[in-house]
Amino acid sequence: MDDTLRQFEEACADFQVPAKRAAAEQILTRFRQTPGVLGACQHILDHTTSPIAQFQASIAIKENIIREYSTHDLDNIVGLKNYLLNFCLHHTSIPKYVRDQLLVTVAIIIKRSYADSTISEKDNISDYVRKLVEMGGSGSTLGMALAGAIVDEFSSTKSSSMGLSLEYHYNCKMDFERKYLRNLFELAFAGMSHEAAAATASSSDKAIAASSLEQSDSFKESLSLVDKILQWDFLNGNARWQETFSQTAVKASAEMESERLDLKPTNFPSSWSDMLGSEALIRTLFGVKEILQDNPSLHHRLLQCLLQVVGVTMDCLLTTAQANIFSANMMQGILDSVNKLLSSPSVSDDYVLLSVAQVMRCFLDNMPYAILLRLDTAPNLFFEFLEGGRKITLRCLHALVSDPDDTWSSAALDECLEIWCKLAEGVGEDKTAGGSNLIHGLDWNNRTADPFQMSKDEVEILRGFLGNIGYTIVEAYINTRMELAKQSAEDEGDFEDEYKDWETYGDQLLCIATLGRLAAQQVIQRLQHCLDDRIARLKTYFSSPHEVNEAGSILALVQEHIHWLVLISAFVLADDSTGEKALIPPSIMALSISQDSEPTSQVLALSQTIFGLLDFVSQWSSNDIEASYCSPQVSETLFWFLERWVQSYILLDESDYGQVSSRLAKAFGKRLPSEGQGAEFFEYLISKLQANFVLWNAEVDVLQQMVRLLEACHLSIDLREGVLQCSNFPAFVKFVTDQLQYFPETIHSDVIQVLASLSTDSMDPSARSEYFGFITATVENRLSSVLHNPQFNAIYQEGQVMESVLNALDMFDGLAQACNDTNSSTLYEFFARFLPTFVQVMAVYSTAPEVQLAVLIFYRTFVKYLNFATLSSEQKQFVYQNAHALIQEYNKINSGRKRFFAQEEVAEQPYADVSTILEILSNVMASEFDGVDSFNNVGGRIGSSNVAGVVLYGLDVIIPIIDLEMLKIPQLCTQYIRLISNLVEFFPDSLIQIPPELFAKIMESLAFGLSHDIADLARSALQAVTQLALFAHNEHLKSGTEFQSLTESLHKFLESTLDMLLFKDFDYSLLSTAGETMIALVCAQRAYYNHCAHHLISSQPPSIQPRLGSAFHTLDVTIPSHLPETLSYRDTAEFHKALGQFLMTTRGILRIK
């Protein structure tokens, strides 16, 4: 034994020396794998003084007990457990990591023998922990650590792999959770409370108390155990079923150790409600958190505990009385923390500010407002709580002004604004433009029958209170932005942010707008006052050029202020229209209605003020001295305002509203029924666009924003018609196309696209033809000016010439993006003249990958947006032939090209050429189904051989290029697997005719997709295998035909699908799709399925074979003898139901952990 000890210690010492580590690791591994090594491990523990030797011996004991548990008799197992516990108890100086490793082994023994233990023996575990804790000192620390190890071992996420079925793990967890978990939580909380009370009793100095807790191992173990139990994943009715699909055991554990600031509320059982809502628990957690706020690690852990408790839902708090107790205690605890935080003059510890804001948000996310309003014991506590939230929000804003780079305060502000946003959404916008400002006087008899639903009076009172708070917060936010703008103006030119302020601060601004609309009149009045002041100052500077030169920084500050005021105004006045038309917000409409009889409408005045500002900054030409004073940022923001605003206000439809402001209807509405002047706005809009195209002809950001404004108009039927019918639009189109060459090349494609899209929808054929003439001539001239240059063959490789070619291709791509059902025939006639030319361009630029990519991108866009249903058969064939020729030329150029993964991986779009070809092939395949009801035509029966031929040829070119390194890139992998899946699904009959090598590669790709971690890819592959199996099944039914290569592949897919369903981790959402694949494969290969089932059953332990055999038999009787070419719910409903029962029976006993 002494020789073993000496050799073991030497190996452990060598393990810490890099040069000797590999050899030492082999020695230690062989030692751990040696049978019957427990005695040697105990000798090492008893005699070594080396912590690393103790740790390695502990690991060896754990691995041996897992591996050889069944070879030891019960007395030896119990003796080993007692030895390990006594060792830890009497060797208090061993490092924590050694002790914890030994306790893990104890916990494994407890769980491994759990099913064979009597109730008394199980109770003894809890009793032993309690006795250790009652010993105090190191005994208490050991007791808490042991309880923590046991909790980990019985949990879903941290349990050890010990070669037992998931059913065993589930049963152990369920029994432990019901009988012992709460007892351990109460023990841990009592220990933590005792330590905290002792620390505060020994000294009134918070720093001394904090130091005492930081040095207390018992406290830290107690806190850790409380945290673990509060994170416990409590079982529910479907847990046994769904836990067998979990693929996050290790991943979830790792995630829980990272920052968990947005935790999913723990689904505590209702039996825990009295403890979780107790004043003692909540006050202790808040009190200890305050003491330890200078210790980030312990403070963070306490924050997690609070977030879990705060996240208690009404499912746990079954009665209103329990909810009242919990809510009152929690709000008082949060409010006390707020008041203590606000009384501190320092803002240096702003992570504490963040934690308070997070707890507030989490609490309000989970607790019905009606409960908070009806606390009979503290009727005003909720309003005091909200007032505390207001003060915290203002504190965050103040901290940002002091230090704009303070990420803690910024994060805390985001949390606070989210609180107010959700509260405002909870009460809805005030549609009467009035609303009570009462705080008291709640009529407790005027309640709804639902105790968790606010009454109408309660909503009004809360809305009024939030309105008061809302204005002060919005006003403070505006002031903060004005202060921060000063620093931004001073720092201008130091860096350029690629994101716009409405993108970077979009969530903040949305919250501010939502809150501000509760006090719309005051907020708009404030915005109007600020804008009037800044615009007046701006005009003053422009009227005195010498002052601009002397006070340039002040002008920049004024312009920065204007930028933010317009930005905030846009969010207050209008909602984002992405996805659907946004109406004028109810509170804004209500305010305008209330002012219809007054001299001024605030909504109309604010909008017209911004238009007046646009008028002012648009009056200069690029050669005027005043143009140099203009801010491109302000102009860009003004056009962004218009993009957001016009979609709600211009040509507003009165039928969309219950009541409409007569002033808004008159100023911006349709001609009927209120004689609206909205149509006249487009003359103004187009004139401003043209003026600013001139003024900002070199400013890409401003030009792109104006293009986006036009795109927004195109997406709305009413706005599109308004643009097309205004008298100055034809001149605008001609102006832009004539001058396009003078604008930055980066906007050419977007300009061509939006003008072509708008022109397509013109109701006047002659106007439409004229527009297209302007646009196509511009595009064609750009390409011809380069390719028809007599010197082209001599200069084509020069940088300027190549840039011109790329620009021309980009413009063609922009025009292709404008293809739709209406103009596909027209644009095809134009593009068809150039398709062969582009193949030649690729050949000419065989050494210029960027030009090759530009050609491929155009073709990808062309076949993506072109509606093939409008083309003749000959026209389709022409497109397919050119696609084939293009890929053929690409293959000729790139065959044998060596790629470097490291270079591609850091590129903006890795393997862009391969990705683009995959998209071309996918779009070509999809073109076959244009105009076809694919729901009623699946299974490859409508696919033409021409389309399949192009796709198969493309795959023959691409597959040799693609390797596993490339498939690590999610986007590329997604494109590739979906292309393969769609090909197999819709063209199975073409597959059996291709060369065996290509067929094998396609099947390998499909198998790769089946096992992919991305659920959508696996689903696509499963659907493809389903269609392939149905094809083989129905071909056999019709003619008795068997395709040998296809049969072999189906055998592998059947094995893979069975393995996935029975043994593997996979996404539960795939179950329905996998079920369809399974039934199709069984019908196609029933004999092989029976062979697989028999082999599986016979390979399992005899004790579970009858259970498996019965499960397979029950499933088999639901599988029909034949299936149609297309599966419907009726075909698979019975099988799906049986499959669920089958997996519930089998996965738990087959899957081993």
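See the values below:
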read-out: Selection from the range 866-887 of residues that are out of contact with any Ser or Thr (no Cβ under 8 Å at 6 or more places or on another chain) and free of Cβ contacts under 8 Å to residues at least 60 places away in the same chain; value: 872, 873, 874, 875, 878, 881, 882, 885, 886
read-out: Count of the range 596-636 residues which are at pLDDT below 90, assigned to a loop (DSSP other than H, G, I, E, B) and either under 37 Å from the mean Cα position of the chain (by Cα) or among the hydrophobic types (A, V, I, L, M, F, W, C) (or both); value: 1
read-out: Breaking point among (1) surrounded by fewer than 21 Cβ atoms within 10 Å (Cβ to Cβ); (2) of a type outside the set (Ser, Thr, Tyr); (3) in contact (Cβ under 8 Å) with a residue 60 or more places away in the chain; (4) within 21 Å of residue 764 (Cβ to Cβ), for residue 697; value: (4)
read-out: Pair list, Cβ under 7 Å, 6 or more apart: the range 69-98 residue of a type in the set (Lys, Arg), other residue open to solvent by less than 40 Å² (accessible area, probe 1.4 Å) and in a helix (DSSP H, G or I); value: 81/106; 81/109
read-out: Matching residues in the range 871-897 - criterion: being under 40 Å from the mean Cα position of the chain (by Cα), more than 16 Å from residue 951 (Cβ to Cβ) and open to solvent by 50 Å² or more (accessible area, probe 1.4 Å); value: 895, 896, 897
read-out: Yes/no for residue 138 being out of contact with any helix residue (DSSP H, G or I) (no Cβ under 7 Å at 6 or more places or on another chain) and either under 23 Å from residue 69 (Cα atoms) or in a helix (DSSP H, G or I) (or both); value: yes
read-out: Qualifying helices (runs of 4 or more DSSP H) (wholly inside the range 1-94; at least 3 residues being farther than 23 Å from residue 125 by Cβ and of a type in the set (Gly, Ala, Ser)); value: 21-32, 51-68
read-out: Hits in the range 276-285 - residues which are surrounded by 15 or more Cβ atoms within 10 Å (Cβ to Cβ) and either assigned to a helix (DSSP H, G or I) or of a type in the set (D, E, K, R) (or both); value: 276, 281, 282, 283, 284, 285
read-out: Index of the failed condition, residue 333 passing every other in (1) small (Gly, Ala, Ser); (2) closer than 19 Å to residue 288 by Cβ; (3) at pLDDT below 90; value: (3)
read-out: Subset of the range 805-833 that is among the charged types (D, E, K, R) and assigned to a loop (DSSP other than H, G, I, E, B) - its residue that is least open to solvent (accessible area, probe 1.4 Å); value: 821
read-out: Residue list for the range 379-404, filter: small (Gly, Ala, Ser) and open to solvent by less than 30 Å² (accessible area, probe 1.4 Å); value: 388, 389, 399
read-out: Conditions (1) open to solvent by 20 Å² or more (accessible area, probe 1.4 Å); (2) over 41 Å from the mean Cα position of the chain (by Cα); number of the one not met by residue 593; value: (2)
read-out: So residue 21, is it among the basic types (Lys, Arg), more than 48 Å from the chain's Cα centre (by Cα) and surrounded by fewer than 17 Cβ atoms within 10 Å (Cβ to Cβ); value: no
read-out: Any hit, the range 148-170, residues being over 36 Å from the mean Cα position of the chain (by Cα), of a type in the set (D, E, K, R) and either closer than 23 Å to residue 73 by Cα or not in a loop (DSSP other than H, G, I, E, B) (or both); value: no
read-out: Test: residue in the range 1110-1119 that is touching a residue at least 40 places away in the same chain (Cβ under 8 Å) and within 26 Å of residue 1047 (Cα to Cα); value: yes
read-out: Counted residues, the range 24-75 - those being open to solvent by 30 Å² or more (accessible area, probe 1.4 Å), under 20 Å from residue 153 (Cβ atoms) and polar (S, T, N, Q); value: 1
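For every residue, the table says whether it meets (1) within 20 Å of residue 133 (Cβ to Cβ); (2) at pLDDT 80 or above.
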site	(1), (2)
183	yes, yes
186	yes, yes
209	no, yes
215	yes, yes
233	no, yes
244	no, no
249	no, no
252	no, no
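The values are calculated or read from the model by the stated rules, or taken from the named source; none is laboratory data. Because the structure is predicted, anything quoted here is derived from the model rather than measured. When we count neighbours, we look across all protein chains shown, and the Cβ atoms used for this are built from the backbone with ideal geometry, even at glycine. Remember, those area values only see protein heavy atoms, side chains included, never the ligands or the DNA or RNA. Shrake-Rupley method; radii C 1.70, N 1.55, O 1.52, S 1.80 Å.
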